[in-house]
Amino acid sequence: MSKKLVVAVCGATGAVGREMLKTLHDRQFPATEVIPFASARSAGTKVPYGDQELTVRELKEDVFAGVDIAIFSAGGSASLQYAPHAAKAGCVVVDNSSTWRMDERCPLVVPEVNPDALAAHKGIIANPNCSTIQMMVALKPIHDAVKIKRIVVSTYQAVSGTGQKAITELETQVRQMFNLQEPEVNVYPYRIAFNILPQIDVFLDNDYTKEEMKMVNETKKIFADPDIRVTATCARVPVFYGHSESVNIETEMKMSPAECRALLSQAPGVQVYDNPKEKMYPMPIDAAGEDATFVGRIREDDTIENGLNMWIVADNIRKGAALNAVQVAEELLKRDLVRVLPQDRKTFID
Ligand code: A2P
């Protein structure tokens, strides 16, 4: 390796940040140096990178000189504060928070779906919401083939999507309940152990949650289709890793379940796992730790002219976050988009 390629992972001590380090290492991302950043609380602690341990540094506005790519998963306010400084320093940011997703200057990219959108980047690229990513990977080939007019989605989302503190909360509550103790509730409004919460993120004026509206708005942006109609219900379930989704689509032209299975079995990033006779369908326990988006339970919705139902499952920490971000970084390298002209970067910061 002759050319230097410095990669910063911001939020490296978190659930997604650790997975980003693992994914960079496992996929042999050609970084000459990987630098983990987190808050001042974690500065000096160690995080694993392959069989090495890297020392975590404090994330500050002036740390990006000499960094080529910064992958962020440090929460929305850290992205808002630091990503513009990274972009100004000449670094390309791939941001996993929701902060920049709907900003017109920021491409919102799923590499299997809309990689060409990367060409217009101005220093900050947004990683979509975890639930949106897996739905896009599965629906893109169908949208291209028979045009999806309407999507009705209900999600069953794992606690790891909320971060390390929620993983710990579910573990702790399960232990407390088996010991007949009152479970402590800190992360979610109610107990998550042995429960389901039909609320992810805050409620908006239209009585949908922010998570539900992310699925609506991000789908339109990623498909570059403002007319596609999407309605979502997002629920948190007591699962550690792996988001599941029940998805109903109405299409302009007809596609049979068999045609859909055949199409998706050729689609990048998708694994069809669908054989009702053998009780074969995807579950979070299959998807956890895997890169693919799994699709099963494909069947006709005979209440409308052209409709299909399906069940989509993926590891929310991998394809829903870390893997997608690393794939974006790989695509940037492949397309020689890591260095963009300085005049294109000015827009994020004065
Ligand atoms: P720290 O561990 O020092 O708090 P998760 O999504 O699992 O909760 O992880 C969030 C990640 O983002 C952690 O690595 C956390 O670091 C980091 N983080 C949170 N707030 C900041 C901040 N203001 N500046 C830098 N890193 C932050």
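The values are calculated or read from the model by the stated rules, or taken from the named source; none is laboratory data. Predicted model only: the values in this text are computed from it and were never measured. With ideal geometry, Cβ positions are generated from the backbone for all residues, glycine too; neighbour counts draw on all protein chains shown.
For region 268-292, the candidate set comprises residues that are among the aliphatic types (A, V, I, L, M) and over 17 Å from GLY320 (Cα atoms); within that set, the residue that is surrounded by the most Cβ atoms within 10 Å (Cβ to Cβ) is VAL272. In region 46-62, the residues that are on the phi < 0 side of the Ramachandran plot and among the basic types (Lys, Arg) reach residues that are away from the ligand (no atom under 14 Å from the Cβ) and at pLDDT 95 or above with C-beta atoms within less than 9 angstrom, at least six apart or across chains, in these pairs: LYS46/GLU53. Say we look at region 1-15 and pick out the residues that are in contact with an Asp or Glu (Cβ under 8 Å, 6 or more places away or on another chain) and part of a loop (DSSP other than H, G, I, E, B); which of these is nearest to the ligand (Cβ to nearest atom)? Looking at the filtered set, the residue picked out is LEU5. Got a number for residues in region 216-242 being of a type in the set (Phe, Trp, Tyr) and in contact with a strand residue (DSSP E or B) (Cβ under 7 Å, 6 or more places away or on another chain)? Total meeting the criteria: 0. Name the residue that is surrounded by the most Cβ atoms within 10 Å (Cβ to Cβ), counting only residues in region 26-37 that are at negative phi and either touching a helix residue (DSSP H, G or I) at 6+ places or on another chain (Cβ under 7 Å) or part of a loop (DSSP other than H, G, I, E, B) (or both). Ranking the candidates gives PRO36 first.
Of all residues in region 1-17, those that are at pLDDT below 95 have Cβ atoms under 9 Å from Cβ atoms of residues that are in a strand (DSSP E or B), 6 or more apart or on another chain, in LYS4/GLU33.
Residues in region 16-25: is at least one among the hydroxyl-bearing types (Ser, Thr, Tyr), away from the ligand (no atom under 14 Å from the Cβ) and surrounded by 15 or more Cβ atoms within 10 Å (Cβ to Cβ)? Don't jump to the end; show me each part of the working.
Narrowing region 16-25 to residues among the hydroxyl-bearing types (Ser, Thr, Tyr): 23.
When the remaining residues are screened for being away from the ligand (no atom under 14 Å from the Cβ), the result is 23.
After this cut, where a residue has to be surrounded by 15 or more Cβ atoms within 10 Å (Cβ to Cβ) as well, the list is 23.
Yes: one or more hits.
The set of residues from region 26-50 being near the ligand (Cβ under 8 Å from one of its atoms) and of a type in the set (Phe, Trp, Tyr) comprises just one member, PHE37.
Here ARG229, ARG236, ARG150 are screened, and the one residue that is touching a residue at least 40 places away in the same chain (Cβ under 8 Å) and farther than 30 Å from LEU118 by Cβ is ARG236.
Rundown of residues vs (1) in a strand (DSSP E or B); (2) surrounded by fewer than 24 Cβ atoms within 10 Å (Cβ to Cβ); (3) away from the ligand (no atom under 15 Å from the Cβ), yes/no style:
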{"site": "VAL93", "(1), (2), (3)": "yes, no, no"}
{"site": "GLN134", "(1), (2), (3)": "no, no, yes"}
{"site": "HIS143", "(1), (2), (3)": "no, yes, yes"}
{"site": "VAL152", "(1), (2), (3)": "yes, yes, yes"}
{"site": "THR168", "(1), (2), (3)": "no, yes, no"}
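Evaluated against (1) part of a strand (DSSP E or B); (2) over 14 Å from the mean Cα position of the chain (by Cα), VAL313 falls short on exactly one condition, (2).
Only residues that are surrounded by 19 or more Cβ atoms within 10 Å (Cβ to Cβ) and either within 15 Å of VAL338 (Cβ to Cβ) or in contact with a strand residue (DSSP E or B) (Cβ under 8 Å, 6 or more places away or on another chain) (or both): list them for region 100-110, please. So that I can check it myself, show each step before the final result.
First pass over region 100-110, keeping only residues surrounded by 19 or more Cβ atoms within 10 Å (Cβ to Cβ): 100-101, 106-110.
Matches in region 100-110: TRP100, ARG101, CYS106, PRO107, LEU108, VAL109.
Among residues that are polar (S, T, N, Q) and crowded, with 24+ Cβ neighbours inside 10 Å, GLN81 is not included.
Can you find, within region 69-78, the residue that is surrounded by the fewest Cβ atoms within 10 Å (Cβ to Cβ) among those that are outside any helix (DSSP H, G or I) and more than 9 Å from the ligand (Cβ to nearest atom)? Quick ask: steps written out before the conclusion?
The first filter runs over region 69-78 and keeps only residues outside any helix (DSSP H, G or I), leaving 69-75.
Filter again for more than 9 Å from the ligand (Cβ to nearest atom), leaving 69-71.
Numbers: ILE69: 26, ALA70: 29, ILE71: 31.
Taking the candidates together, the pick is ILE69.
Of the residues that make up region 193-201, is at least one part of a loop (DSSP other than H, G, I, E, B) and under 26 Å from ILE125 (Cα atoms)? For region 193-201, residues part of a loop (DSSP other than H, G, I, E, B) and under 26 Å from ILE125 (Cα atoms): present.
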